[in-house]
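One structure is given here, and the rest of the page talks about it.
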Amino acid sequence: MIRLLFLGDIVGEPGRRAVIQNLKSIKRDEDIDFIVVNGENSAGGRGITKKIAIDLFRAGVEVITLGDHTWDQKEVTSYLPLEARVIRPLNFGLDAPGNGSVVIDTDWGSIAVINAMGRTFINPPLDNPFNMIDVEIDRITEKFGKIPIFVDFHAEATSEKIAMGRHLDGRVSAVVGTHTHVQTADERIFPGGTAFLCDAGMCGPDDSVLGRSVDAVLYRFKNNLPTRFPVAKGPVRLCGAIIDIEECSGQAVAIRRFTRLVTLP
C-alpha cells in the first residue's frame, strides 16, 4: 500500500513557509510515502521560481505541479526542461517547455504524476485535456506497465473536474482538482477504483480571500477598479488529500481530506 499526500495550491511566502516547516511532521504523523504539491502560486501568488522548487524538494516534496500561472516567472521557461519533477499542464501543447507528466522511481516501485488543465472559464489557449490525457496514460502504461498514476486537474468548473474524474475512472489511481483554492467535501472512490476530490483547497493564509488580502479583494468588488491583490498574512491553512493506493493494482482504497491550521513563527 502506498500513502500519497497531495497539497493544494501553495500561496505566496506564507504558504510555502508553512509547507516547508510542517511537511516533516505531517509525513511522520500521517505515515506518508509520497508527496505531491501544487506550486503554481508559490512565488508571490504568481508562478514558481527555481529557488522555491529547490526548497520544496529539500523539505520532502517529490513532485511539483503547476497551472495557469506556470509562465508568470520568466526563469521557468528555461528551468522546466532541466527539472523533470516540476511539471506543467500537458495540454499547453507539445512545443511548450517542460513536461506534463513524470514517473518517479521509489523504494516500493514507480509512480506517475500527470498535470492537466481545464478549459472552461480559464483564459490561456489550451489543447483538449481529455484527449491529451488519454494519450499520456497510454504512453505511460505501454512503457512502465500498470503503475499508480496521480492526476492534478487544474480547472475552474466543478463539472469539468467531475467529468475528468469519471473519464479516467479505472485508468488512474486518483484525480484531484486544484485552482479554486476552496477545499470541497466530495471525496469518493469511483466504481473503477479511482479516488476523486473536486478541489484540494489551498495552502495559504486562512484570514483571506483565496489567500489574498481581504481589503484589496473587497475594494475590487465594491469599486470595480484595478488594484493589486497582495498575499494575506496570519495563520496558514494547509489543505489537501491523503490517498491510499494498492501498489499492485494501482487502485485507490481510501481517500480523505487533509487540513491543518498552522501559525508561523
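The values are calculated or read from the model by the stated rules, or taken from the named source; none is laboratory data. No experiment lies behind these values; they were computed from the predicted model shown. Note that we place each Cβ from the backbone using ideal geometry, even for glycine, and neighbour counts take in every protein chain shown. Note: accessible area is taken over every heavy atom of the protein model, side chains too, but ligands, DNA and RNA are not part of it. Shrake-Rupley method; radii C 1.70, N 1.55, O 1.52, S 1.80 Å.
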In the stretch 222-241, the residues that are touching a Lys or Arg at 6+ places or on another chain (Cβ under 9 Å), farther than 30 Å from residue 187 by Cα and open to solvent by less than 100 Å² (accessible area, probe 1.4 Å):
227, 229, 230
If you check every pair at least six apart or on different chains, which have Cβ atoms under 6 Å apart with a residue in the stretch 184-201 that is free of Cβ contacts under 8 Å to residues at least 24 places away in the same chain first and a residue that is polar (S, T, N, Q) and surrounded by fewer than 17 Cβ atoms within 10 Å (Cβ to Cβ) second?
none
Select from the stretch 100-123 the residues that are part of a loop (DSSP other than H, G, I, E, B) and either farther than 19 Å from residue 154 by Cα or among the aliphatic types (A, V, I, L, M) (or both) and write down the one among them that is most open to solvent (accessible area, probe 1.4 Å).
107
Consider the stretch 14-44. How many of its residues are part of a helix (DSSP H, G or I), in contact (Cβ under 8 Å) with a residue 40 or more places away in the chain and open to solvent by less than 10 Å² (accessible area, probe 1.4 Å)?
4
Hey, residue 159 hits all of (1) within 25 Å of residue 238 (Cα to Cα); (2) of a type outside the set (A, V, I, L, M); (3) under 16 Å from the mean Cα position of the chain (by Cα) but one; which does it fall short on?
(3)
Top-ranked residue of the stretch 138-153 - restricted to ones that are touching a helix residue (DSSP H, G or I) at 6+ places or on another chain (Cβ under 8 Å) and over 17 Å from residue 257 (Cβ atoms), ranked as most open to solvent (accessible area, probe 1.4 Å):
147
Evaluate the following for residue 97: is it closer than 22 Å to residue 52 by Cα, open to solvent by less than 60 Å² (accessible area, probe 1.4 Å) and either basic (Lys, Arg) or out of contact with any strand residue (DSSP E or B) (no Cβ under 7 Å at 6 or more places or on another chain) (or both)?
yes
Pairs, first under 17 Å from residue 29 (Cβ atoms) in the stretch 244-265, second in a loop (DSSP other than H, G, I, E, B) and aliphatic (A, V, I, L, M), C-beta under 6 Å, six or more apart
244/1
For the stretch 154-206, name all the residues that are in a strand (DSSP E or B), of a type outside the set (A, V, I, L, M, F, W, C) and crowded, with 24+ Cβ neighbours inside 10 Å.
154, 177, 178, 204, 205
Under the condition of being open to solvent by 40 Å² or more (accessible area, probe 1.4 Å) and outside any strand (DSSP E or B), which residue from the stretch 242-257 is nearest to residue 105 (Cα to Cα)?
247
Restricting to the stretch 49-94, what's the tally of residues that are among the aliphatic types (A, V, I, L, M), under 22 Å from residue 132 (Cβ atoms) and crowded, with 18+ Cβ neighbours inside 10 Å?
8
Mind listing whichever residues of the stretch 193-220 are of a type in the set (Gly, Ala, Ser) and either over 23 Å from residue 36 (Cα atoms) or modelled with pLDDT of 95 or more (or both)?
193, 195, 200, 201, 204, 208, 213, 216
Restricting to the stretch 207-221, name every residue that is open to solvent by 60 Å² or more (accessible area, probe 1.4 Å) and not in a loop (DSSP other than H, G, I, E, B).
215, 218, 219, 220, 221
